[in-house]
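Worksheet: one structure, shown below.
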Amino acid sequence: MEKSFYNIYKTFFKVGTLLLGGGYVILPLLTSELVDKKKWITADELCEFYALGASLPGIIAANTAIFTGRKLLGRTGAIAAITGIITPAFLAIVLLASILSEIVNKPTVQHIFWGVGIGVIVLLFLAVKEMWQKCVTDKFALCVYFVALTLALWGKIPLALIIIFSLISGIIYQKYENRKEKK
């Protein structure tokens with residue numbers, strides 16, 4: 001079979017349709033299609049593309065498809081491969097979104113979401129309670145907590161800066177305590 005945009009797209013679309021379980025199952029599917037049936041690349045090349053795809057940020061299947069498509073037909077092959085591998089997932093999401101939008105508005109589902117929301121609040125409360133017991137152990141930690149809470153509720157300072165402020169405060173306090181113990 002010739003390496004054309006359409007054939008590469010069709011092959012990766014087929015693999016994308018069968019790709020249940022994430023990027024870890026793509027290797028046997030691609031081996032079957034690209035190495036055994038079409039003989040477009042070798043098993044070693046495919047393993048290298050898979051290793052590269054797994055080592056980069058992003059979706060393993062998409063990364064592997066880009067490398068493989070580029071090997072097969074350059075930039076055009078990469079576009080065909082990535083488009084083919086993501087089209088089935090895109091179509092499934094669109095289909096599910098249209099079904100879910102109808103279901104979400106039903107009163108029973110709204111009650112379920114309300115219950116889940118309450119459950120999430122309880123879990124957050126328990127997490128805060130556990131963190132409180134482990135972190136707020138002295139007057140200094142309590143003071144840093146109230147300053148950080150006040151700054152966060154004020155809303156004018158980014159949370160990242162508040163966290164950095166708390167971190168630096170803790171480091172300075174610990175150095176002060178260590179010096180005090182040495183004397």
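The values are calculated or read from the model by the stated rules, or taken from the named source; none is laboratory data. Remember, it's a predicted structure, so these values are computed and weren't measured experimentally. Cβ atoms come from the backbone with ideal geometry, glycine included; neighbour counts cover every protein chain shown. Note: accessible area is taken over every heavy atom of the protein model, side chains too, but ligands, DNA and RNA are not part of it. Shrake-Rupley method; radii C 1.70, N 1.55, O 1.52, S 1.80 Å.
Applying the condition of being open to solvent by 100 Å² or more (accessible area, probe 1.4 Å) and over 18 Å from Thr137 (Cα atoms) to the range 164-183 and asking which residue is modelled with the lowest pLDDT yields Lys183. With respect to Ile8, is the statement that it is open to solvent by 80 Å² or more (accessible area, probe 1.4 Å) and closer than 26 Å to Ala92 by Cβ true? Taking the combined requirement at face value, the residue does not satisfy it. Residues that are under 11 Å from Ile8 (Cβ atoms) and not in a helix (DSSP H, G or I) within the range 30-80 comprise Lys38, Trp40, listed in sequence order. Tell me whether the range 116-127 contains one or more residues that are surrounded by 11 or more Cβ atoms within 10 Å (Cβ to Cβ), more than 22 Å from the chain's Cα centre (by Cα) and farther than 15 Å from Gly16 by Cα. No - not one qualifying residue is present in the range 116-127.
Conditions tested, residue by residue: (1) without any contact (Cβ under 8 Å) to a residue 40 or more places away in the chain; (2) surrounded by fewer than 13 Cβ atoms within 10 Å (Cβ to Cβ).
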| position | (1), (2) |
| --- | --- |
| Leu73 | no, no |
| Ala78 | yes, no |
| Ile103 | yes, yes |
| Met131 | yes, yes |
| Thr137 | yes, yes |
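Taking the range 1-37 as the range and being farther than 18 Å from Ile66 by Cβ and basic (Lys, Arg) as the test, only Lys37 passes.
Would you mind stating whether Ile118 is free of Cβ contacts under 8 Å to residues at least 12 places away in the same chain and out of contact with any Pro (no Cβ under 8 Å at 6 or more places or on another chain)? Yes: the conditions hold for Ile118.
Within the range 1-16, residues that are in contact (Cβ under 8 Å) with a residue 60 or more places away in the chain and over 13 Å from Leu73 (Cα atoms) reach partners that are open to solvent by 70 Å² or more (accessible area, probe 1.4 Å) and of a type outside the set (A, V, I, L, M, F, W, C) with beta carbons closer than 9 Å, at six or more positions or on different chains, in the pairs Thr11/Lys37.
Taking the range 15-64 as the range and being of a type outside the set (A, V, I, L, M), more than 24 Å from Ala92 (Cα to Cα) and either open to solvent by less than 20 Å² (accessible area, probe 1.4 Å) or in contact with an Asp or Glu (Cβ under 9 Å, 6 or more places away or on another chain) (or both) as the test, only Trp40 passes.
Looking across the range 83-101 at every residue that is without any contact (Cβ under 8 Å) to a residue 60 or more places away in the chain and under 20 Å from Lys14 (Cβ atoms), the one that is most open to solvent (accessible area, probe 1.4 Å) is identified as Phe90.
I need the full set of residues from the range 147-163 which are surrounded by 10 or more Cβ atoms within 10 Å (Cβ to Cβ) and of a type in the set (A, V, I, L, M, F, W, C), in order please. Of everything in the range 147-163, those that are surrounded by 10 or more Cβ atoms within 10 Å (Cβ to Cβ) and of a type in the set (A, V, I, L, M, F, W, C) turn out to be Val147, Ala148, Leu149, Leu151, Ala152, Ile157, Leu159, Leu161, Ile162, Ile163.
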